[in-house]
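In what follows, a single structure is set out as structure tokens and then discussed.
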Amino acid sequence: EDVYAGCYGSIRFNHDILGFSRIASDSINYVSSHDNLILMDKIAKSDHHRSFEEKQNMNATALAMILLSFGIPFLQAGTEFLRSKYGDHNSYKSSAYVNRIHWSYKHSHRHVFDFVKELIDFRKSQKIFAIEDAEVIKQAIHMLDDIEGVVRYVIKSPFEEDENKIYIAYNGSGKDKTFYVDDFKIRIDGALYYHDKCYIKDNILYLPRYASVVLVKNE
């Protein structure tokens, strides 16, 4: 319920999903800021046994949740290309080597950067994500049946310029998932593994572990 509340701009969505905000723009959405561990270091510490491919998808999916949620997205510089501060959780007095952005990361992790850029472009292209009014958001969102470890919902935009329906799904589990998606098409593939990608066959979506996806359908 807390995750869904964040996705919906922390509004009071229903009796189970209770946010703190009156309007979505009261919610500043982030997963990493200047204090404490930067996102990739937090993932490395909490799931050190995972492969690099899984960790990069965790990082990318976390940022997808920020950029596709209602409210105001906040990104810490460098998280879009897996920046590390080498496990330093309190770096205000640490060296410039720890705190500076190493731009070589942008080159070596360009696929993550390009994914985040695509998310930003998509958000800016869809007027629905700028909506603040809680009632409009509630009318636009259709929640889907629970699948263990998966957050998913459909946004039906009232704006003609937007995609008519936007299906958003995040697989936060360590298992690949499949589910029915009813003639939607993949718009943004958030499975950044070197081999496994999202795909749809016979209206069944395959969503790899720790991955995200944006689907669209116009009716």
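So which residues in the range 1-50 are closer than 24 Å to residue 106 by Cα and charged (D, E, K, R), if there are any at all?
Hits for the range 1-50 are 35, 41, 42, 45, 47, 50.
Residue by residue through the range 167-186, note down the ones that are open to solvent by 30 Å² or more (accessible area, probe 1.4 Å) and closer than 15 Å to residue 210 by Cβ.
172, 174, 175, 176, 177
Select from the range 65-118 the residues that are open to solvent by less than 60 Å² (accessible area, probe 1.4 Å), aliphatic (A, V, I, L, M) and over 29 Å from residue 168 (Cβ atoms) and write down the one among them that is nearest to the chain's Cα centre (by Cα).
Top of the filtered list is 101.
Spot the failing condition for residue 193; the list is (1) surrounded by 14 or more Cβ atoms within 10 Å (Cβ to Cβ); (2) without any contact (Cβ under 8 Å) to a residue 40 or more places away in the chain, and only one is missed.
(2)
Mind listing whichever residues of the range 80-120 are within 16 Å of residue 55 (Cα to Cα) and aliphatic (A, V, I, L, M)?
Answer for the range 80-120, where residues must be within 16 Å of residue 55 (Cα to Cα) and aliphatic (A, V, I, L, M): 82, 112, 116.
Please list, ordered by first then second residue, the pairs with beta carbon atoms under 6 Å, 6 or more apart or interchain, first in the range 159-181 and part of a strand (DSSP E or B), second of a type in the set (Gly, Ala, Ser).
Close Cβ pairs (under 6 Å, with a partner that is of a type in the set (Gly, Ala, Ser)) amount to 170/212; 171/211.
Could you check, for the range 128-141, whether at least one of its residues is under 25 Å from residue 58 (Cα atoms), part of a strand (DSSP E or B) and of a type outside the set (Gly, Ala, Ser)? First the steps, then the outcome.
Start the filter on the range 128-141 by keeping residues that are under 25 Å from residue 58 (Cα atoms), which leaves 129, 141.
Applying the additional criterion that residues be part of a strand (DSSP E or B) yields 141.
Then keep just the ones that are of a type outside the set (Gly, Ala, Ser); that gives 141.
Yes - at least one qualifying residue is present in the range 128-141.
In this structure, is residue 147 more than 14 Å from the chain's Cα centre (by Cα), closer than 21 Å to residue 16 by Cβ and surrounded by 14 or more Cβ atoms within 10 Å (Cβ to Cβ)?
yes
What's the number of the only condition in (1) closer than 25 Å to residue 94 by Cα; (2) out of contact with any Gly (no Cβ under 9 Å at 6 or more places or on another chain) that residue 53 fails to meet?
Going through the list (1) closer than 25 Å to residue 94 by Cα; (2) out of contact with any Gly (no Cβ under 9 Å at 6 or more places or on another chain), residue 53 breaks only (1).
Please list, ordered by first then second residue, the pairs with beta carbon atoms under 7 Å, 6 or more apart or interchain, first in the range 200-213 and touching a residue at least 60 places away in the same chain (Cβ under 8 Å), second aromatic (Phe, Trp, Tyr) and open to solvent by less than 60 Å² (accessible area, probe 1.4 Å).
Pairs found: 208/193; 212/170.
Name the residue that is surrounded by the most Cβ atoms within 10 Å (Cβ to Cβ), counting only residues in the range 38-56 that are in a loop (DSSP other than H, G, I, E, B) and either at pLDDT 95 or above or of a type in the set (D, E, K, R) (or both). Steps first, please.
Applying the first criterion (in a loop (DSSP other than H, G, I, E, B)) to the range 38-56 yields 38, 47-51.
Right, trim to either at pLDDT 95 or above or of a type in the set (D, E, K, R) (or both) and you get 38, 47, 50.
Details: 38: 26, 47: 14, 50: 17.
Within the range 38-56, the match that is surrounded by the most Cβ atoms within 10 Å (Cβ to Cβ) is 38.
Go through (1) in a loop (DSSP other than H, G, I, E, B); (2) open to solvent by less than 50 Å² (accessible area, probe 1.4 Å) one by one and return the number of the condition residue 152 breaks.
(1)
Return the residues of the range 196-212 that are surrounded by 15 or more Cβ atoms within 10 Å (Cβ to Cβ) and assigned to a strand (DSSP E or B); say none if nothing qualifies.
Filtering the range 196-212 for residues surrounded by 15 or more Cβ atoms within 10 Å (Cβ to Cβ) gives 196-198, 200, 205-212.
200, 205, 206, 207, 212, listed by residue number.
The values are calculated or read from the model by the stated rules, or taken from the named source; none is laboratory data. What you see is a predicted model, and the numbers here were worked out from it, not measured in a lab. When we count neighbours, we look across all protein chains shown, and the Cβ atoms used for this are built from the backbone with ideal geometry, even at glycine. Areas reflect the complete protein model, heavy atoms only, side chains present, ligands, DNA and RNA absent. Shrake-Rupley method; radii C 1.70, N 1.55, O 1.52, S 1.80 Å.
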